[in-house]
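A short write-up of the structure that comes next.
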Amino acid sequence: MRKIVSTIFIFILMTSTVLGSGEPMSKWAESEISVAIEKNIFPLDMGYAYKEGISRQEFCKIVVYNYLVKKGYENIDSFLEADMPDVLDRYRVFEDVDYESEDGKYILAAYFLEISDGTSATKFSPQMLLNREQAATLAHRFYLKLVSKYINLDKGAEETRYSDDLEISYWAKNSVYKLRHYGIMRGVGENIYAPKLVYTKEQAIVTMLRTVLFLEEQERARLRTEKRLETELSEIEMEVFNLVNKERESRGLKALTIAYHLIPHARGRAKEIIVKFAHERPDGSSCFSGIKNFRNLGENIAAGQVSAESVMRDWMNSPSHRENILNNSFEQIVVTHEYDRNSNYGDFWVQVFYTK
């Protein structure tokens, strides 16, 4: 789905011994579980036999526990009271869950958050052991609940399939390969995933730690990028800028320079058109409001194009957009691109043309 609009305005983010009951953890897990304890990744009062399989109920508790921590809730009761007091009964659908217990409350929250389903319409099977593909699905759903919507999750995804890909359930494939791409959960060796192998408690803790660390690094990277892009264009935005000048120079028109002072304005506009795709701001004011000291201004916007080449092709095939790109009265341009995975369009583009 794609759309484009143009206008012109003239002037005019432990240790290896047992905690609680259980047995020592595997050597490979020691360092990461130590970090998991330091970062409060799992409730220490649960007590763990680390090498044993983890149940559906236990994994749900770890996942929801991390969600509550990230969202700033004091405990499970504060979440239930704040976010779902009026719909609790609607989500108490499993006959084998004691919803008055703490574990039952975590299952209720996991179902409400769409992190975990039941094993049937009326059964949750809380003590059933979780396998690898099920663990990947729950961890991936947790990740999707917390990752910024402005991060493109599909960028650079791996194509290679596991040798036992046919054994991975269809509903788990996306999560399995996404977590591999993120470096959170990989195969068991020799390109084998072993989707039905029981997942252990130590593996579950490490998976959640890696998911949380990945989320934190993505948020830090996003903030670094936002800071940098306050004063410069991204690689894909520079591609559009160069394509604009290629079109102009092929017709004997002067090349445009970058209007660096308008980058913050154009970045704001790229976020605004996600909310309201029009040549006016969400508050109803002009798309040019806030720009000062100009003679001529123009704006092109587009949505749905996944590359610099495709958005330029669509703009050049539209008379009004083409007119802005080839307008010889303009002296400068700024190009911005925004991605929103929650939108049907995904990619959003803005060009602002300027003459002082």
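The values are calculated or read from the model by the stated rules, or taken from the named source; none is laboratory data. Because the structure is predicted, anything quoted here is derived from the model rather than measured. Here the Cβ is made from the backbone with ideal geometry for all residues, glycine too, and neighbour counts use every protein chain on show. Surface areas here come from the heavy atoms of the whole protein model, side chains and all, with no ligands, DNA or RNA. Shrake-Rupley method; radii C 1.70, N 1.55, O 1.52, S 1.80 Å.
Test of understanding: among ARG210, ARG161, which residue is open to solvent by 70 Å² or more (accessible area, probe 1.4 Å), within 19 Å of the chain's Cα centre (by Cα) and among the basic types (Lys, Arg)? Can you show your working first?
Values: ARG161 fails: within 19 Å of the chain's Cα centre (by Cα).
After ruling out the rest, the residue left standing is ARG210.
Among VAL198, VAL188, which is open to solvent by 40 Å² or more (accessible area, probe 1.4 Å) and touching a strand residue (DSSP E or B) at 6+ places or on another chain (Cβ under 6 Å)? If you could, list the steps in order and put the result at the bottom.
Details: VAL188 fails: touching a strand residue (DSSP E or B) at 6+ places or on another chain (Cβ under 6 Å).
Every option except VAL198 fails the conditions.
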(message) I'd like the full set of residues that are open to solvent by 20 Å² or more (accessible area, probe 1.4 Å) and not small (Gly, Ala, Ser), limited to the stretch 111-128.
(response) TYR111, PHE112, GLU114, ASP117, THR119, THR122, LYS123, GLN127, MET128
(request) Give GLU237, GLU247 a once-over and let me know the one that is charged (D, E, K, R), modelled with pLDDT of 95 or more and either in a loop (DSSP other than H, G, I, E, B) or farther than 13 Å from ILE325 by Cβ (or both). (result) GLU237
(message) I need the full set of residues from the stretch 276-326 which are under 21 Å from ILE236 (Cβ atoms), of a type in the set (D, E, K, R) and in contact with a Ser or Thr (Cβ under 7 Å, 6 or more places away or on another chain), in order please.
(response) GLU299
(request) Could you figure out which of (1) modelled with pLDDT under 95; (2) in a helix (DSSP H, G or I); (3) open to solvent by 80 Å² or more (accessible area, probe 1.4 Å) isn't true of LYS178? (result) (3)
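For the stretch 77-119, give me each residue that is in contact with a Cys (Cβ under 9 Å, 6 or more places away or on another chain) and of a type in the set (D, E, K, R).
ASP103
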(message) With the structure loaded, tell me whether TYR193 is under 26 Å from VAL63 (Cα atoms), open to solvent by less than 50 Å² (accessible area, probe 1.4 Å) and in contact with a Gly (Cβ under 9 Å, 6 or more places away or on another chain) or whether it fails that test.
(response) yes
(request) Report, by residue number, each residue of the stretch 245-257 that is in contact with a helix residue (DSSP H, G or I) (Cβ under 9 Å, 6 or more places away or on another chain), under 29 Å from LYS227 (Cα atoms) and open to solvent by less than 20 Å² (accessible area, probe 1.4 Å). (result) LEU256
(message) Looking at the stretch 46-73 only, could you name the residues that are in a loop (DSSP other than H, G, I, E, B) and under 25 Å from the mean Cα position of the chain (by Cα)?
(response) GLY72, TYR73
(request) Those residues that are buried (at least 18 other Cβ atoms within 10 Å of the Cβ), of a type in the set (Val, Ile, Thr) and part of a loop (DSSP other than H, G, I, E, B), I need them from the stretch 79-110; list them, please. (result) VAL97
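Looking at the stretch 277-290 only, could you name the residues that are more than 19 Å from GLU323 (Cα to Cα) and either of a type in the set (Phe, Trp, Tyr) or open to solvent by less than 20 Å² (accessible area, probe 1.4 Å) (or both)?
Passing the criteria: only PHE277.
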(request) Among the residues of the stretch 331-353, write down those that are under 26 Å from THR231 (Cβ atoms), among the aromatic types (Phe, Trp, Tyr) and surrounded by fewer than 24 Cβ atoms within 10 Å (Cβ to Cβ). (result) TYR339
(request) Please go through the stretch 129-154 and pick out each residue that is more than 19 Å from ARG220 (Cβ to Cβ), polar (S, T, N, Q) and either open to solvent by less than 20 Å² (accessible area, probe 1.4 Å) or in contact with a strand residue (DSSP E or B) (Cβ under 7 Å, 6 or more places away or on another chain) (or both). (result) ASN131, THR137
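Which of the residues spanning the stretch 296-313 are assigned to a helix (DSSP H, G or I), buried (at least 18 other Cβ atoms within 10 Å of the Cβ) and more than 25 Å from the chain's Cα centre (by Cα)?
If the condition is that a residue be assigned to a helix (DSSP H, G or I), buried (at least 18 other Cβ atoms within 10 Å of the Cβ) and more than 25 Å from the chain's Cα centre (by Cα), then MET312 is the only one that fits.
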